[in-house]
1. Helix-derived [θ] at 222 nm for the chain: sum -39500 (n - 2.57) over DSSP H runs of at least 4, divide by residue count, nearest 500?
2. Have a look at the DSSP beta bridges in segment 5-308 and tell me what percent are antiparallel, nearest 5.
3. Please report Val78, Val50, Val7 as a ranked list, fewest other C-beta atoms within 10 angstrom at the top and most at the bottom.
4. May I ask for the distance between the Cα centers of segment 135-160 and segment 56-115, given as a whole number of Å?
5. With Cα extents along the principal axes in Å as the read-out, I listed (i) 49, 46, 40; (ii) 71, 41, 36; (iii) 50, 42, 37; which label goes with the value calculated from this structure?
6. Can you tell me which lysines have their Cα less than 21 Å from the Cα of Lys8? Leave out same-chain residues fewer than eight positions away.
7. Under 5 Å between amide hydrogens, which residues at least 5 positions from Tyr276 or on another chain qualify, with H placed 1.01 Å from N in the peptide plane?
8. Each residue of segment 254-267 in turn: what ³J(HN,Hα) in whole Hz from Karplus with 6.51, -1.76, 1.60 and θ = phi - 60°, glycine and Pro shown as x?
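Please treat every number below as a calculation from the coordinates, not as lab data. This is a predicted model, so every value here is computed, not measured. When we count neighbours, we look across all protein chains shown, and the Cβ atoms used for this are built from the backbone with ideal geometry, even at glycine.
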Amino acid sequence: MALDPAVKNLIDTLNEQGLKSFEQMSIAEVREVVESFSGLQAPKADVARVVDTVYPGPGGDQAIRLYIPESETPLPVVVYIHGGGWVAGSLDVTEQPCRALASDAQVIVAAPSYRKAPEHKFPAAPEDAFAALNWVIEHAAEFGGDSTRVAVMGDSAGGNLAAVTALRARDTGGPALRAQVLIYPVIDGTARFPSREENAEGYLITTQAIDWFWEQYLATPEDAENPYASPAKAADLSGLPSTLLLLNEYEVTRDEGVDYGRRLADQGVPVQVELYEGLVHAVYWMTGAIPRSAELHSAVVEFLGKQFAD
């Protein structure tokens, strides 16, 4: 399918503005550009309560923001881990999608911050993400959550961290998860699938940019073989929670996601894979600029509704 018209318009506009590819930017520039994505978002939904607090991470306290809808009964909880190439992203730039998810799915969204590369390389981020999950489980009842109905979710590098968190929860005997939602996850540090060549340039995130983000994140090249850095390297995927994988046609990481979904299914994990034609990486955040980003949001809401139904 041809590139979605709204996506093409956005890419053309960014090119006219002279936006460099991420690998050509400084760390500060990357962070500034990622934060600017908030300008591409729809208005923020109302949520009954938003609570800013901290959770204890291995490197010290980290921020976590809770989006809590009105409810007379305990609500399911989604631990949403934001993307940004392990380098960028924040609780502020992801506030709009978190509010929308909390409102439309009637779930509590717990959005943790985590230590960023290159200042804090692997395994800092997944250590923080797992600590955040455990904190959420322990404190769920305090903010109206049901600790027996918890999912992890993330986009891009956050999808990586969500997948790693699910792996680690399985490997350590808990916490038990109902589901994982992986939105165009970056999950294979040595991937050489066809989409790396097919979509190498021209679609917001280049193959060189993906490789650059991995270089910022990993402490050594050998870390790319560690399943807690590259969850696609896990030989055993059995016992993982029900999975929703959302992938886009024109993105570098498309095929590693397709392959991960196939392997999950082959090993008995209930998995739903959705491939959106005409779309590119990062559109989940771009709700104001890319109308079809609503398709990804709706798929997440529907999937979580089924997973949390008792």
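1. Numbers: 9 runs with 108 residues, N = 310.
-11000 deg cm²/dmol, from helical runs alone.
2. Values: 13 of 39 bridges.
Roughly 35 percent of the beta bridges in segment 5-308 run antiparallel, per DSSP.
3. Numbers: Val78 29, Val50 16, Val7 23.
So the residues, fewest neighbours to most, are Val50, Val7, Val78.
4. 8 Å
5. Computed from these coordinates, Cα extents along the principal axes in Å corresponds to label (iii).
6. Those lysines meeting the cut-off are Lys20.
7. Under 5 Å from the amide H of Tyr276 lie the amide H atoms of Leu247, Asn248, Glu249, each far enough along the sequence or on another chain.
8. 3, 6, 5, x, 4, 5, 5, x, 4, 5, 4, 4, 4, 9
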